[in-house]
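Beneath this line is the structure, given in structure tokens, with notes to follow.
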Amino acid sequence: MSPAPPISKSERTTFKPSATTLSPSRPDEDSLRPAARTSGGVDTHDSLLALIDKFLLSLRAEAGLAENTISAYRADLLSLAGYCEREGIVFRRITPVDIQGFLISLKERDGLALNSISRRLIAVKVFCRFCYHKGFIERDVADLIEMPKKWQSLPHVLSPKQVDALLCQPDEDDPLAARDRAILELFYATGVRVSELVGLRLEDVRLDIGYLRCMGKGRKERIVPIGQRAVEALRDYLQDLRPQLADGRSTDRLFLSRTGRPIDRTNTWRLVVKYARRMGVAGKLSPHTLRHCFATHLLAGGADLRVVQEMLGHSDISTTQIYTHVDSSRLKAVHQKFHQRQ
């Protein structure tokens, strides 16, 4: 396989979700429509779907991505396949203009926000790179499209008092109160993702030493300490309620549903939303909000950024750094203390 020709700056284009993206001043389309290098080619909708399945299989086997990530890639690429079928685009001859058209349709036809469009563009880029290296397309055409520039929004967090109020919401009269309180306490105590929490097994939690082991994105294992309140809530749940929910069933999952089966992501999300509405929190609140609170309150209390990064399971510290900008009261106090013009 010959190496890809260098991409000149004049060929590279940034996606802008408007009709002007398809203006005449675009890359030379004919030069980007070479013949396919493989005899099989990708000429039909079915062959494109088969190629997507092959790509997802490679992600699962070689990249070790989480199943939720694989599902997101599948949905994004099926959306691309549907667009190609509607527009009569032969994938082996796809061009940057075609990909731009797909992105524009996501905004104008599907009404997606810029963040959602950016995520789908990432999936398309990785898929096209895979297809280029496997010889299904002649050129890595998606590499000609730059990611849209966007503002990084700060995560929504609750104050410590609001978190305390949320954790007290499970009513003692509710038969599942012990489980719900343990879930809420564990979210805030460890900052685990909802998929990580529902995947916890009994052997992953060591209450005697106050630690849990969870499997994060990319099948990366990490150890996270558990605070004393979360330990007590978990002990209460494990001692009385969990044996009742299991009712003799053979399952090692930590958190069980009302029917005794492992609780899933959707019901866990609904659980958090239910208690947020009960306490009257304005705006959206989800399990990930408690993850944001965990990180923000640790940093506000003086925790080292690298330690917080390790506990969150972030591979890049720049992802963790966003939490240093969330505590506006702390920033204001520092400004007033050290700025000479106060």
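Quick notes on this one:
- Under a 5 Å amide H cut-off, with hydrogens placed 1.01 Å from N, Leu158 pairs with Cys293 among residues at least 5 apart or on other chains.
- Distant-in-sequence amide H partners of Arg222 (H built 1.01 Å from N, under 5 Å): Cys214, Gly216
- Between the C-alpha center of the stretch 189-207 and that of the stretch 43-99 there is a gap of 33 Å.
- Sequence-distant aspartates and glutamates (8 or more away, or on other chains) whose Cα lies within less than 15 Å of Lys107: Asp76, Asp98
- For the stretch 212-225, 3J(HN,Hα) computed residue by residue from phi via the Karplus equation (6.51, -1.76, 1.60; θ = phi - 60°) reads 10, 10, 9, 9, x, 5, x, 6, 8, 8, 9, 10, 10, x Hz, glycine and proline entered as x.
Since every read-out is calculated from the coordinates, none of them should be taken as a lab result. The structure presented is a predicted model; accordingly, all values stated were derived computationally and were not measured.
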